[in-house]
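Notes for the one structure printed next.
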Amino acid sequence: MLKGADNAHADRLQLLNAGIHNGTVITSWDGKSIEELKKEVDVYVEAFPSKDNEEFYLSVYAAGKGADSVKIGFIDDSGTEKSVTAKKLGVYYPRMKSTVKKLDNGVNISNLDMQSVDSDTVLLRIYQMAYDTKSYTGSDYTEMTEEVRQKVLEYRDKGYKRLIIDLRRNGGGSPFMVGAVVQLFAPEGEHLISYSTVINEKTATYERGADGKYAKDKKMSYMGENLWDQGDIILLVNYGTISAGDMMTSLMSEYPNVTIMGFTGSNSSCQAVTSYSMRSGGVTFSAVPNLGEDGEMIIDTRADRVRGVPIDHVIPLTGEAITAIFDKGEDYLLDYAANY
């Protein structure tokens, strides 16, 4: 009798022998359409403030629903609709996380490192808005800015025309670092990052004006240097591009030579947060509003869950993309951006 992993392997072979592989179109799940099935998903491991980001990942969550077995409807390679009853392959969570990781992970190089992609394209990887302990506890990123400036100028002087900034799974960090990076690429002149909010220390609340909006306090801004004015800049993002990563995406979306792309847009969640720990887990919530020129909170979605940060080009998740990512282990999004 087969045990454990052997059983799971045999069950996977059953699916493969039936004609189901990466890229196969699934038409039904236990007699329900995929759209019906997605409506039954009510628990998420990650947060999706933007409803269009949630829609992208719903199928990944829905694939874990079912009992000990499910009847799967699918289109085989000849175009014929078929069905197969498949056994449960064990706990779904690890496979779900593995799938999301393969879809979302950015280039695995050091933070703020640059490398050539092809003869015209260079990559700048930023996976967190932090440089070192000293700068992170303050606001002086002069040393980091100079380091990145020299790298950018080196590749610019070599004749590279396209810059890809990989912000995938950028977990955020310091807004001061955001300004210290984007100043290199912004058009010349002063640009607003955000305003802080006036705090009423007696009531421990944030002041509002007669119009009901938060009262603006200190202004955070930067001066643009326009170092990459000779070519295009592409920002690669996903729902894991959050907080200060969102802020960088939002700021650079206004530059004339920037295109934002990805399977999804960024997270659309930017306000400074605090957290409360409990015996099991915890809660993280917005604590300090970041305001725009109009006094409104920037970036964050509202009750309608419409994204607060634009995306210029949604890259379609095609059969070609699935094969490249899951069968060949390629960075499909990076290759797509380089050839866009």
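Overview of values
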| quantity | calculated |
| --- | --- |
| Over 18 Å [Cα-Cα, region 4-103], rounded percent | 51 percent |
| Between region 103-164 and region 300-331, the alpha-carbon center distance in angstrom | 23 Å |
| Reachable lysines from Lys39, criterion Cα separation under 29 angstrom, eight or more residues apart if same chain | Lys51, Lys65, Lys71, Lys82, Lys87, Lys88, Lys97, Lys101, Lys102 |
| Positive-end extreme of charge dipole, region 232-316 - chosen from Tyr276, Ser266, Val309 (charges on Cβ) | Tyr276 |
| Three-way shape call for region 250-340 based on the alpha-carbon gyration tensor, with the a/c threshold at 1.5 | oblate |
| Cα gyration tensor, region 36-94 - rounded (a/c under 1.5), prolate or oblate | oblate |
| Cut-off under 5 Å, modelled amide H: who pairs with Leu112 long-range | Arg125, Ile126, Tyr127 |
| Rounded to the nearest 20 debye, dipole of the chain from Cβ charges on Lys, Arg, Asp, Glu | 1220 debye |
| Computed log₁₀ I(q)/I(0) - Debye formula, equal Cα scatterers, no solvent, the chain, q 0.08, 0.10, 0.11, 0.14 Å⁻¹ | -0.47, -0.71, -0.83, -1.16 |
| Extension gain from Ser110 to Glu146, taking 0.36 nm per residue of separation minus the Cα-Cα distance | 11.3 nm |
| DSSP loop GluC sites (Glu not before Pro) with at most 15 other Cβ within 10 Å: longest gap in the chain | 47-187 |
| Candidates Leu236, Leu89, Leu13, ranked by Gaussian network fluctuation over the chain, Cα under 10 Å, top entry | Leu13 |
| Of all DSSP beta bridges in the chain, antiparallel share, percent nearest 5 | 65 percent |
| Degrees between helix 93-104 axis and first principal axis of the chain (Cα, 0 to 90, nearest 10) | 50 degrees |
| Among Ala186, Gly73, Met252 - extreme Cα towards positive end, dipole of the chain, charges at beta-carbon | Gly73 |
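FYI, it's all coordinate maths here, none of it is from the lab. Predicted model only: the values in this text are computed from it and were never measured. All Cβ positions, even for glycine, are placed from backbone atoms using ideal geometry, and neighbour counts span all protein chains on display.
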